[in-house]
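Structure first, then comments.
The values are calculated or read from the model by the stated rules, or taken from the named source; none is laboratory data. As the structure is a prediction and not an experimental result, all values here were calculated from the model. Because the Cβ atoms are built from the backbone with ideal geometry, glycine has one as well, and the counts that use them run over all protein chains shown. For the accessible areas, the whole protein counts, side chains as well, though only heavy atoms, and no ligand, DNA or RNA atoms are used. Shrake-Rupley method; radii C 1.70, N 1.55, O 1.52, S 1.80 Å.
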Amino acid sequence: MLFARAGIITFLIIQVYSFLVSPGIEKKQKYFTHHSIIDSASPGKQLALKFCTSCHLFPEPSLLNKKTWVDKVLPNMGWRLGIRKNGEDPYADIVPEERALVRKLNIYPDVAAITQSDWKKIIAYFEQAAPEEPLPQKNHDSISETLSLFSPKHIVFDDKQLPRTTLLKFDSLSDELYAGDAENKLYILNNRFAFKSAWNVESPPVDIDFPRNEPPRLLTVGSVSPSDQRNGRLVSFDTTFTIQNPTVNIDHLPRPVQFAYADLDMDGKQDAVVCGFGNNTGKLAWYSDSKISGENILSTMPGARKVEIGDFNKDGKPDIMALMAQAWEEVVIWYNLGKGKFKEKKLLRFPPVFGMSYFELADFNKDGYPDILLTNGDNWDYSRINKNYHGIRIYLNDGRYNFKERWFFPLYGASKAVARDFDNDGDIDIAAISFYNTLENPANGFVYFSNEGNFNFKPASLPDAASGKWLTMEAADFDHDGDIDIVLGSYFHNIEEMSSLVNAVNLSSFPQLLVLSNNTR
């Protein structure tokens, strides 16, 4: 995961400053002095820089606490360098159908790439330099528990003990909300969220769009859980059963999560761009005329999460901006050179523990150039701890597509944020969800940020936001009253996860959806 280098330095300076001015300054100054000595003198750091940066941006030890480094992250890194303790089997927890793929990729090599002596120096460096406990969030405005702008309503449209919503998308032309479920179901609701129909699909639906005069185009992921199998598919979804051969049928996709359409090669036909998130491998590719035979690969790295298409350099050709959210975490532009050729420019870069999760474009400072609204909070990995750098960020565009962080709000487990003028006052507000939110305050799984001007956003939530784990969010004027409403989709990995929330909020059942009806009009 990646930040431009100047951004990393700025971030670390802020981290250190916040760390030192908080309570316990003398103790923390001693820690910082000790940390500096280790950084400048330790051969373990030089080895860490060499081996860590072969796979991703260097993660500073302060990003995780000692125990997480030593017990979780470094052992996995060791496996990837061929280092195993007696009796360890890196394939033990991998299901058989994945095991063969991981072996073929040589993710955990049998021959060590580093000596045991040098590996122990890397462990010693992180163990000595990392803090005892995860660093706290920097000071921020408290999240109000009152949010009168929205009226909440719980929606249940199927008899399911475990909500597992994987997709929410509203078709404004048909006034229908499409909701995907991890049990290979696609539901269609009307704009009042009443059930209309349900469809069995080949794997969990994760994205859909609604072209005019054509059936919807549906993306199925293959596997919600991390996987290197290529079972995803983008296909025309015909609910009328009148089309014998689908106009779009791109299969064998590596765990795809999102797609977009544009005429990239400017031949008068629409092309598909598909984010293949994958796991150890992945693929960001575009398909000329939406045909599998027209595949053009932009990146073979895993983690392609979302694309935005626009003419960013104003040369009359559509360009591609993408968020990559695995290992090499970054936001990248591929400028369209014409004739199917693209030139890559990296915009933002982050270390691999940041957990980049979503981005979208909006002009926050009204200068005519799109800025980046970005969330990071994916915590389903080897470091499932509270991270003070999780949250929501705005990066301002200088007009030449160089971006600088202007606003940050810390939010554990942040998974998505959308920029809309929810209160109809002429500026952009933010609605955000946190899938990996802490159980100390489950209501912070949804936070609304009212734009008060000059990048001052007032945060608020409401008690009903504690009634689910929100993985998906859609914003639209569902009731046609002139303001933008919000729908949240709940997802639980398993019964144990639900039980934890039951104990935290004293609820016996959970809705599939939470509708937040806007009261502005």
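Scan Leu471, Leu513, Leu488 and give me the residue that is open to solvent by 40 Å² or more (accessible area, probe 1.4 Å), closer than 15 Å to Ile433 by Cβ and in contact with a strand residue (DSSP E or B) (Cβ under 7 Å, 6 or more places away or on another chain).
Leu471
Give me a count of the residues in the range 474-485 that are surrounded by 21 or more Cβ atoms within 10 Å (Cβ to Cβ) and either under 15 Å from Tyr436 (Cβ atoms) or among the charged types (D, E, K, R) (or both).
So the count comes out to 1.
Evaluate the range 182-190: report whether one residue or more is outside any strand (DSSP E or B) and closer than 22 Å to Ala476 by Cα.
Within the range 182-190, none of the residues are outside any strand (DSSP E or B) and closer than 22 Å to Ala476 by Cα.
Report whether or not Leu374 is modelled with pLDDT of 95 or more, among the aliphatic types (A, V, I, L, M) and over 15 Å from the mean Cα position of the chain (by Cα).
The answer is no for Leu374.
Across the range 113-136, which residue is farthest from Phe446 (Cα to Cα) among those that are open to solvent by less than 50 Å² (accessible area, probe 1.4 Å) and assigned to a loop (DSSP other than H, G, I, E, B)?
Applying the filter and picking the extreme gives Ile114.
Those residues that are touching a Lys or Arg at 6+ places or on another chain (Cβ under 8 Å) and either of a type in the set (Gly, Ala, Ser) or open to solvent by 60 Å² or more (accessible area, probe 1.4 Å) (or both), I need them from the range 43-68; list them, please.
Pro43, Gly44, Cys55
In the range 385-406, what residues are at positive phi and either touching a residue at least 40 places away in the same chain (Cβ under 8 Å) or crowded, with 17+ Cβ neighbours inside 10 Å (or both)?
Gly391, Tyr401 - these are the residues of the range 385-406 that are at positive phi and either touching a residue at least 40 places away in the same chain (Cβ under 8 Å) or crowded, with 17+ Cβ neighbours inside 10 Å (or both).
Give the residue, chosen from Trp334, Trp328, Trp286, that is aromatic (Phe, Trp, Tyr) and under 29 Å from Ile385 (Cα atoms).
Selected residue: Trp328, the only one of Trp334, Trp328, Trp286 that is aromatic (Phe, Trp, Tyr) and under 29 Å from Ile385 (Cα atoms).
May I ask you to list pairs of residues, at least six apart or on different chains, whose Cβ atoms are under 9 Å apart, with the first in the range 145-158 being under 29 Å from Lys185 (Cα atoms) and the second being open to solvent by 100 Å² or more (accessible area, probe 1.4 Å)?
From the range 145-158, the pairs are Phe157/Phe195; Asp158/Phe195.
State whether the residues of the range 201-212 include one that is open to solvent by less than 20 Å² (accessible area, probe 1.4 Å) and in contact (Cβ under 8 Å) with a residue 60 or more places away in the chain.
Looking through the range 201-212, none of the residues is open to solvent by less than 20 Å² (accessible area, probe 1.4 Å) and in contact (Cβ under 8 Å) with a residue 60 or more places away in the chain.
Asp71 is checked against (1) outside any loop (DSSP other than H, G, I, E, B); (2) surrounded by 13 or more Cβ atoms within 10 Å (Cβ to Cβ); (3) among the acidic types (Asp, Glu) and fails just one. What number does that condition carry?
(2)
Of the numbered conditions (1) out of contact with any helix residue (DSSP H, G or I) (no Cβ under 8 Å at 6 or more places or on another chain); (2) open to solvent by 50 Å² or more (accessible area, probe 1.4 Å); (3) closer than 24 Å to Tyr401 by Cα, Met324 satisfies every one except a single condition; which is it?
Evaluating Met324 over (1) out of contact with any helix residue (DSSP H, G or I) (no Cβ under 8 Å at 6 or more places or on another chain); (2) open to solvent by 50 Å² or more (accessible area, probe 1.4 Å); (3) closer than 24 Å to Tyr401 by Cα leaves (2) as the failure.
Restricting attention to the range 368-380, does a residue exist that is touching a helix residue (DSSP H, G or I) at 6+ places or on another chain (Cβ under 8 Å), open to solvent by 10 Å² or more (accessible area, probe 1.4 Å) and in contact (Cβ under 8 Å) with a residue 60 or more places away in the chain?
Scanning the range 368-380 turns up no residue that is touching a helix residue (DSSP H, G or I) at 6+ places or on another chain (Cβ under 8 Å), open to solvent by 10 Å² or more (accessible area, probe 1.4 Å) and in contact (Cβ under 8 Å) with a residue 60 or more places away in the chain.
For the range 408-463, what are the residues that are closer than 22 Å to Val353 by Cα, outside any strand (DSSP E or B) and of a type in the set (A, V, I, L, M, F, W, C)?
If the condition is that a residue be closer than 22 Å to Val353 by Cα, outside any strand (DSSP E or B) and of a type in the set (A, V, I, L, M, F, W, C), then Leu411, Phe435, Leu439 are the ones that fit.
Please list, ordered by first then second residue, the pairs with beta carbon atoms under 8 Å, 6 or more apart or interchain, first in the range 479-502 and in contact (Cβ under 8 Å) with a residue 12 or more places away in the chain and farther than 17 Å from Pro442 by Cβ, second crowded, with 19+ Cβ neighbours inside 10 Å and not hydrophobic (A, V, I, L, M, F, W, C).
Qualifying pairs under 8 Å: Asp479/Asp485; Asp481/Asn518; Asp483/Asn518; Ile484/Asn518; Asp485/Asn518; Ile486/Glu474; Ile486/Asn518; Val487/Glu474.
Any residue at all in the range 214-222 that is over 30 Å from Leu81 (Cα atoms) and at pLDDT below 95?
Yes, the range 214-222 contains at least one residue that is over 30 Å from Leu81 (Cα atoms) and at pLDDT below 95.
Going through Phe170, Phe193 one at a time, which residue ends up being open to solvent by less than 50 Å² (accessible area, probe 1.4 Å), modelled with pLDDT of 95 or more and not in a loop (DSSP other than H, G, I, E, B)?
It is Phe170.
Mind counting the residues in the range 100-141 that are polar (S, T, N, Q) and touching a residue at least 40 places away in the same chain (Cβ under 8 Å)?
Within the range 100-141, residues that are polar (S, T, N, Q) and touching a residue at least 40 places away in the same chain (Cβ under 8 Å) number 3.
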